[in-house]
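Below is one structure, written out as structure tokens; comments come after it.
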Amino acid sequence: MKKSNATLLALAVAASLTLAGCNRSESPDAATNASAEPAQGGETADQFIARVNEEARALMPELTASQWLSATYINDDSQLLAAKYNERYLAQLNSWIEQSRRFEGQQMSAETARAINLLKLGAAMPPPRNPEHLAELTKIASKMEGTYGAGQYCTGEGEARTCRQLGQLEDVLRTSRDYDAQLEAWQGWHTIAQPMRGDYTRFVELVNEGARDLGFADAGEAWRSGYDMPPAELAAETDRLWNQVKPLYEQLHCYTRTRLEARYPGRGTVEGGLLPAHLMGNMWQQDWGNLWDVLQPYPNAGDLDITGTLERDYQALLNERMVKENALIDSDRRADIAQAALTENAKRMNRRAEEFYTSLGMPSLPESFWNKTQFVKPRDRDVVCHASAWDMGVKIDGQPDVRTKMCTKPNEEDFTTIYHELGHVYYYLAYNGRPPLFQTGAHDGFHEAIGDTIVLSMTPQYLQSIGLVGEQQQTQESLVNSQMRMALAKVSFLPFGLMIDRWRWGVFDGSITPENYNSAWWALKAQYQGVAPATARGEEFFDAGAKYHVPGNTPYTRYFLSHVLQFQFYKALCDASGYTGPLNQCSFYGNKAAGEKFWAMLAKGNSQPWQQTLKELTGGEQMDAAPVLEYFAPLQEWLTQQNEGKTCGWTAPAAAQSPAPAPAAQPAAEKPAQG
């Protein structure tokens with residue numbers, strides 16, 4: 001996940017370039033300037049956007065710094081600062097939008113027309129015009145993020161009271177195979193969201209008010225307007241992509257259910273053939289990689305124990321530091337040494353990831369990255385551990401202040417997350433020379449796909465070359481193992497990436513009411529993912545709030561789209577590198593031609609419609625899941641053989657309130673005006 005100035009300023013992709021009557025295929029770089037007419041007061045549209053870019057550039061440092069403090073020093077003071085700076089920015093955004101209205105219908109350059117549209121689509125948290133409501137909105141937003149970051153599950157009383165935060169509870173799901181211990185950890189984390197329910201209900205009212213003030217029907221429509229296409233078309237587009245990959249997911253689901261039933265006889269499924277939520281190795285069932293010990297097809301075919309190697313690296317660092325200490329050091333000193341070893345190990349993991357990017361010809365990370373990044377969870381305070389990448393909007397020694405925030409542990413999941421987060425960072429570096437309004441991805445799915453494109457290139461042979469796995473034998477069994485390892489991260493995620501915003505779109509448009517938040521959540525998880533809780537989850541719970549992106553108000557369709565786009569990017573870069581073999585065995589590590597093509601795409605930022613940016617890299621303008629199916633073709637064939645004779649699929653239970661279908665396309669004349 002990124003948490004950049006582009007996220008904080010919430011500058012989404014424009015839905016169209018209609019102010020100047022520009023065709024979607026016309027990019028600012030290629031367009032000729034139309035005659036710029038001055039509006040009343042003498043300022044032309046081009047001058048207005050130039051001023052907005054300068055004012056935005058001046059606002060970025062204080063806004064990003066306040067958000068960084070709020071995420072890394074969680075307390076009432078940092079939440080207050082974050083809320084106030086966010087309120088200040090959103091009030092300024094409202095002012096810019098109002099000022100931009102005076103240029104409607106006037107001629108201007110294509111670049112300026114696009115920038116004005118970006119302003120109007122510029123808030124994932126649409127700001128109400130009412131100042132009191134705006135202040136209330138930013139306060140609630142900061143409070144919910146702080147509640148999530150400080151969340152912990154406690155048991156016992158007095159001296160026997162013990163509390164565990166998200167990372168500790170995730171460790172249980174990651175490593176334990178005790179059914180009841182996993183259930184307690186899963187249920188325990190979900191208790192942290194219950195107090196958010198009232199705040200979230202009010203939050204929805206306020207962002208919907210802001211969306212209506214901007215001319216949208218609700219906040220969901222505002223989100224769907226950021227894709228250079230009419231907002232109603234996005235739902236159909238994501239449905240089309242999901243239907244391409246759904247058969248592959250269903251085969252993986254069927255295989256996983258069989259293995260879980262064998263591991264937990266009588267308790268490995270929930271009625272209807274659904275997978276138990278707490279047994280999937282991940283708090284939200286979005287990544288099944290931690291079930292490798294249960295799901296590995298061939299235990300003796302290829303060494304892919306990345307976690308084991310990383311843990312040994314950490315233990316070696318820890319032992320090296322310990323032997324230099326007095327044997328009688330106290331527990332606090334031991335904890336300090338362990339923290340230092342954990343930090344050094346996390347930095348080494350980041351260095352490995354950086355080396356992949358630099359092998360493509362991309363620049364080394366700025367020195368400030370290594371000084372400013374939060375690599376591990378501090379011992380002395382609460383932080384938001386959810387991994388994120390940041391562009392602080394300032395320069396240090398002439399280099400952009402970019403950084404990441406993680407609570408890194410020595411395991412495969414965090415290792416690949418580092419590669420993902422550095423994808424955001426390199427995107428920041430590539431488009432840093434663009435005006436602030438264009439300093440974001442071609443659309444938000446692009447930003448999330450960059451690092452994951454690199455992850456696809458982390459083949460077993462690459463992992464062997466950097467010393468993380470043993471010698472790799474090229475056999476059919478090792479290929480299936482490698483494919484399964486990737487599918488447990490990539491394929492398992494696809495329906496989850498879709499359902500979160502399906503839930504929020506329903507919440508925003510009112511088809512999912514507060515009285516049915518939880519039943520609708522689980523109805524959608526059953527419908528798309530085929531998972532269910534093992535115990536009843538009534539409306540006293542607010543399970544959506546246990547996922548960071550809901551209280552953090554981060555749109556999630558971007559992640560679904562990124563899991564399609566990354567395979568398109570990967571295929572295009574493999575082609576650029578000259579590779580001609582099976583797609584799933586390609587690594588473009590060290591290939592400067594692929595790196596040059598990748599960097600050229602990154603440098604475009606959001607300066608032109610994403611369709612044009614995609615075409616420049618891949619040759620086509622349409623998002624397409626065909627490369628996903630090409631990549632996983634050997635695994636899909638193997639899964640079909642393994643599942644032969646079994647009853648696959650699942651039946652979702654009847655919900656108290658069935659979620660509304662995705663918004664359908666409407667005739668253009670019936671759509672509300674968009675500012």
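Quick look at the values:
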{"item": "Residue (of G281, A487, S577) at the positive-pole extreme of the chain, dipole from beta-carbon charges", "result": "S577"}
{"item": "Qualifying lysines (Cα of each under 22 Å from Cα of K646; at least 8 residues distant if same chain)", "result": "K246"}
{"item": "Rough spin-label spacing in nm, given labels placed 7 Å along Cα→Cβ, for R312 and N243", "result": "4.9 nm"}
{"item": "Derived scalar couplings ³J(HN,Hα) [region 159-169; Karplus, 6.51 cos²θ - 1.76 cosθ + 1.60; whole Hz; x for Gly, Pro]", "result": "5, 8, 6, 10, 10, 10, 8, 4, x, 5, 5"}
{"item": "Two-site FRET efficiency, K84 against C154, from Cβ-Cβ distance with R₀ of 30 Å, rounded to 0.05", "result": "0.45"}
{"item": "Phi-based couplings in Hz for region 71-78 (Karplus 6.51, -1.76, 1.60; Gly and Pro marked x)", "result": "8, 10, 9, 6, 7, 4, 5, 5"}
{"item": "For L80, net neighbour charge (Lys/Arg +1, Asp/Glu -1) across residues whose Cβ lies under 11 Å away", "result": "0"}
{"item": "Carbon and sulfur %, accessible surface of the chain computed with the full protein complex present, 1.4 Å", "result": "48 percent"}
{"item": "Area accessible to solvent at I396, 1.4 Å probe radius, in Å²", "result": "50 Å²"}
{"item": "Separation in nanometres of the label points that stand 7 Å from Cα toward Cβ, at D77 and Q194", "result": "3.2 nm"}
{"item": "Nearest-20 debye value, region 104-206 charge dipole, Cβ charges on Lys, Arg, Asp, Glu", "result": "300 debye"}
{"item": "Region 272-388 - Rg over Rh from alpha carbon coordinates, Kirkwood radius", "result": "1.04"}
{"item": "Packing rank of 171-181, 73-83, 439-449, where each peptide gets the mean count of other beta carbons within 10 Å, highest leading", "result": "439-449, 73-83, 171-181"}
{"item": "Per-residue [θ]222 nm for the chain (sum of -39500 (n - 2.57) over DSSP H runs n ≥ 4, rounded to 500)", "result": "-17000 deg cm²/dmol"}
{"item": "The chain - Kirkwood radius from inverse mean 1/r over Cα pairs (Å)", "result": "25.8 Å"}
{"item": "Cα centroid separation, region 410-477 to region 175-201 (Å)", "result": "30 Å"}
{"item": "Heavy atoms of K347 accessible to a 1.4 Å probe, total area in Å² rounded to 10", "result": "70 Å²"}
{"item": "Filtered GluC sites (Glu not before Pro), region 316-390: DSSP coil and at most 12 other beta carbons within 10 Å", "result": "E325"}
{"item": "Mean Cβ neighbour count within 10 Å, used as a protection proxy, ranking 489-498, 398-407 highest first", "result": "489-498, 398-407"}
{"item": "Residue-normalised accessible area of the chain, expressed per residue, 1.4 Å probe, Å²", "result": "37 Å²"}
{"item": "Simple Cβ-charge dipole of region 308-455, Lys/Arg +1 and Asp/Glu -1, about Cα centre, in debye nearest 20", "result": "260 debye"}
{"item": "Inter-label distance for I329 and W370, nm, one decimal - labels placed 7 Å from Cα along Cα-to-Cβ", "result": "2.3 nm"}
{"item": "Mean Cβ count within 10 Å, highest first, over the residues of peptides 422-431, 379-388, 261-270", "result": "422-431, 379-388, 261-270"}
{"item": "Loop sites in region 475-551: GluC sites (Glu not before Pro), DSSP, at most 15 other Cβ within 10 Å", "result": "E539, E540"}
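The values are calculated or read from the model by the stated rules, or taken from the named source; none is laboratory data. The model shown is predicted, which means the values in this text are computed figures rather than measured ones. Virtual Cβ from ideal backbone geometry, glycine too; neighbours counted across all protein chains shown. With ligands, DNA and RNA removed, areas are computed over all heavy atoms of the protein, side chains included. Shrake-Rupley method; radii C 1.70, N 1.55, O 1.52, S 1.80 Å.
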